[in-house]
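*Asks:* Take a look at this one; I'll ask things after.
What follows draws every value from the coordinates through simple rules; no lab data is involved. This is a predicted model, so every value here is computed, not measured. In this analysis, Cβ positions are derived from the backbone assuming ideal geometry, glycine residues included, and neighbour counts consider all displayed protein chains.
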Amino acid sequence: MSSFLLNILLLFICGQMVMCQDVYRAAIIGNGKPHTKNYASLIHEAAKLNADILLLETVKDKNFESCGRCDNNYDEIVKAVSTAAKETAIYVGVHVYEKITCNRHEDIVRSNLIFNRNGDIISVSRKPLNKANCNSTYSNSTSFSTDFGVKFGVLMEEDILNAQDINLSNYIILGSRPRNSGKLHASQLVSSWAFISKINVVSTNGIYGNTGAAMKSNNIIVKEIKKNGNNKPKLQSSSYDLPELARSVKLDLELAMQGYKENVCFEEVCCHFYLRLAGKGNSDVSYNIGVHTGTMDVGSQTVATRGCVLVACAGSDQSCSVLSGNSLDVTFKTISISSNFSQDSKQFPILQTTDVKNIKFDQQNGINNRQVNMEIHECNNVLNFGIISIESKPIDRSSEQFIDFSSYISSENVLEFFDYLWIRLRVPIFIVSIYILEMM
């Protein structure tokens, strides 16, 4: 009897020690490869690194509409994950696809599932991949509490663009979607979201926030995270697939040695730049500053994106596509960017560099707009730096086609064509007019 009570006491003490620790260990897949058939082995691998929670990688399949695997794999994945979570006693998050039928219609449903240490599902959030045909219950976000003293919010990747009430210190992001080249996508902004929201984020693309050093095995990366959030946020560098700038100006590096101001405007966006170099070296790197305009796929909808960006260009053709992480031999003393955006939009800082420090990102709401300022000091190896604004309202495709047609009619090429036509026809029209007058 005494030994039984002693065991109970030891379990209680161990539980309290886990609760009292100010960190937890989060694990993600580290090699970017799909592992749908190896979920169990990955969970066991994470458990050997003493992970408290593991997020399993989403399969990046562009042909979701066919979703042939959805018929059978959903139950198979749930069973495999549940069994392995129970065997290893760790929390597991996974994003799965399921095909449901109703009244001769089909929906492909995306689901975020969270399993506890007993292998039970304790959190479910679901939404259709595209427009819903079936009358099912969907939820964009959920939350759950753990036995190590952390309450997590659970979101899908695109939900960070419209998240309103960020009232927790720790969030899980699951559910990558197919990505179109030449477009921004939500996963590129997860680090920025953690930075501006001062939170910890565990996503399948990375772990951001108040983190410690990473531990790695063959397939798993584990990081220790402070439980109580990210009071001194740092923006982690990410790569960005930015399309060409709608309007840009080549930065004069000689002028920038003394401090250089430039305003670049396109349509309703005006970007104000101030740049000062500490040194420019002898490399063939140049920089363009300008206005970004584009679109982003958010779930099954498309929204407009705007922004102010500094981008590095190099090579014989001065290409501004993504460069390597090698030294660019240009050191900035100060980069400052400011602009006004709609209050119905959401702004994110973007940064791609090997040297991240001394970043400021401020937002202030005015009467009709929001002023956003971003600064960085003493930085080199800058590939991209800027502010991206995501509109909240989806683009109306019918109106977009009308706008495209109107833009075509009012474009310079069409106007030049009519000028050319008038020059060619005015003499014959004049002769015909005189002939008609003489006949009268």
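*Asks:* Over the range 22-226, what is the mean sequence separation of C-alpha contacts under 8 Å (at least six apart), divided by residue count, expressed as relative contact order in percent?
*Replies:* 23
*Asks:* Shifting gears a bit: Please list, or write none, the lysines whose alpha carbon is within less than 24 Å of the alpha carbon of K333, excluding same-chain residues fewer than 8 places away.
*Replies:* Cross-link targets: K232, K234, K250, K261, K280, K357, K360.
*Asks:* Only residues of the range 240-273 count here: report those whose backbone N is under 17 Å from the spot 7 Å along Cα→Cβ of K393, or say none.
*Replies:* Residues passing the 17 Å test: 268-269.
*Asks:* Percent relative contact order of the range 245-396, based on C-alpha pairs within less than 8 angstrom and at least six residues apart?
*Replies:* Relative contact order for the range 245-396 comes out at 25 percent.
*Asks:* Going by C-beta contacts inside 10 Å, put V78, V298 in order with the fewest on the left. Please list the in-between numbers first.
*Replies:* Values: V78 18, V298 21.
So the ranking, lowest neighbour count to highest, is V78, V298.
*Asks:* Amide H neighbours of V154 under 5 Å, at least 5 residues apart or on other chains, H built in the peptide plane: list them.
*Replies:* Placed amide hydrogens put T142, S143, I172 under 5 Å from V154.
*Asks:* Something else: Can you put M439, M257 in order of Cβ neighbours within 10 angstrom, beginning with the fewest?
*Replies:* Details: M439 6, M257 15.
Listed from fewest to most nearby Cβ atoms, that is M439, M257.
*Asks:* Go through 150-162, 183-195 and give me the packing order, highest mean Cβ count within 10 Å leading.
*Replies:* Result, highest mean first: 183-195, 150-162.
*Asks:* Let me ask something additional. Read phi for every residue in the range 186-203 and hand back ³J(HN,Hα) as whole Hz from Karplus 6.51 cos²θ - 1.76 cosθ + 1.60, θ = phi - 60°, with x for Gly and Pro.
*Replies:* Result, ordered by residue: 4, 4, 6, 9, 5, 4, 5, 5, 4, 5, 6, 8, 6, 10, 9, 10, 10, 10 Hz.
*Asks:* Need the list of lysines near K86 for cross-linking: C-alpha distance under 28 angstrom, and skip anything on the same chain fewer than eight residues off.
*Replies:* K33, K37, K48, K60, K99, K127, K151, K216, K223, K226, K227
*Asks:* Skipping prolines and chain starts, which residues have an amide H placed within reach, meaning under 5 Å, of the one on E57, given they are 5 or more residues away or on another chain?
*Replies:* Those qualifying (amide H under 5 Å, at least 5 residues apart or on another chain) are I29.
*Asks:* Okay, moving on. Taking a quarter of the surface of the Cα convex hull of the range 184-249, what do you get in nm²?
*Replies:* 6.2
*Asks:* Now for a separate question. For the range 69-111 and the range 206-281, what is the separation of their C-alpha centers, rounded to whole Å?
*Replies:* Comparing the Cα centres of the range 69-111 and the range 206-281, I get a distance of 37 Å.
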